[in-house]
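Only one structure is covered here, and it is reproduced in the block below.
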Amino acid sequence: MIMLNKKLLALVVLCGFVAVSVAAVNIGYQKKRNLKILPKDISDAKLDSIMDSYNTALGVKCDFCHVKVKGTADSLDFASDAEPMKENARKMMEMTIHLNKTWFYFNKDTRPEYLNTVTCKTCHRGEPFPPED
């Protein structure tokens with residue numbers, strides 16, 4: 001009986017350590033947000049979709065606007081504003097949202113931030129900086 005209680009106690013303590021360890025690891029992997037233009041209630045899937053469309057439209061990768069986490073080889077700090085290009089991207093987002101809202105906002109069921117009549121690709125055409133025509 002005493003041996004069974006010790007084993008049970010050891011199992012409970014071990015499970016507790018595992019649970020705390022998993023929670024600590026998951027905290028580091030949660031996406032931090034620093035949304036100033038896009039809606040704060042945007043879903044992760046919608047945010048990822050929009051960011052992927054920016055990558056395609058500009059022919060860039062995420063590190064064009066996001067800095068790397070210090071001490072890592074490939075993790076990005078999405079919340080950081082350290083990369084000046086991120087603020088430039090916000091200005092471009094404001095511009096396209098304004099254009100779409102002013103000239104193409106006919107369906108009030110769609111948020112103006114999600115309209116894609118005028119997009120980054122309209123001017124950038126797969127280049128980080130739009131060609132001067």
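The values are calculated or read from the model by the stated rules, or taken from the named source; none is laboratory data. Since the structure is predicted, the reported quantities are computational estimates derived from the model, not experimental observations. Cβ placement follows ideal geometry from the backbone for every residue including glycine, while neighbour counts extend to all protein chains displayed.
Can you work out which of the residues in the range 49-81 that are part of a helix (DSSP H, G or I) and of a type in the set (Val, Ile, Thr) is farthest from Lys36 (Cα to Cα)?
Here is the first cut: in the range 49-81, the residues part of a helix (DSSP H, G or I) are 49-58, 62-64.
If we keep only those that are of a type in the set (Val, Ile, Thr) as well, we get 50, 56.
Details: Ile50: 14, Thr56: 22 Å.
Residue satisfying both the conditions and the ranking: Thr56.
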Being under 20 Å from Asp74 (Cα atoms), touching a helix residue (DSSP H, G or I) at 6+ places or on another chain (Cβ under 9 Å) and either in the same structural domain as Leu76 (by TED's automatic domain parsing) or at pLDDT below 70 (or both), is that true of even one residue in the range 40-47?
no
If you check Glu87 against the conditions, is it among the charged types (D, E, K, R), within 20 Å of Gly126 (Cα to Cα) and either in contact with a helix residue (DSSP H, G or I) (Cβ under 7 Å, 6 or more places away or on another chain) or touching a residue at least 40 places away in the same chain (Cβ under 8 Å) (or both)?
no
List, please: which pairs have Cβ atoms under 9 Å, are six or more places apart or on different chains, and start with a residue in the range 31-46 that is free of Cβ contacts under 8 Å to residues at least 40 places away in the same chain and closer than 15 Å to Tyr114 by Cβ and end with one that is assigned to a loop (DSSP other than H, G, I, E, B) and of a type in the set (Gly, Ala, Ser)?
none
Enumeration of residues in the range 82-129 that are surrounded by 13 or more Cβ atoms within 10 Å (Cβ to Cβ), among the acidic types (Asp, Glu) and part of a loop (DSSP other than H, G, I, E, B):
Glu83, Glu127
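Restricting to the range 99-133, give me the number of residues that are among the basic types (Lys, Arg) and under 20 Å from Asp41 (Cα atoms).
Going through the range 99-133 one residue at a time, the tally reaches 3.
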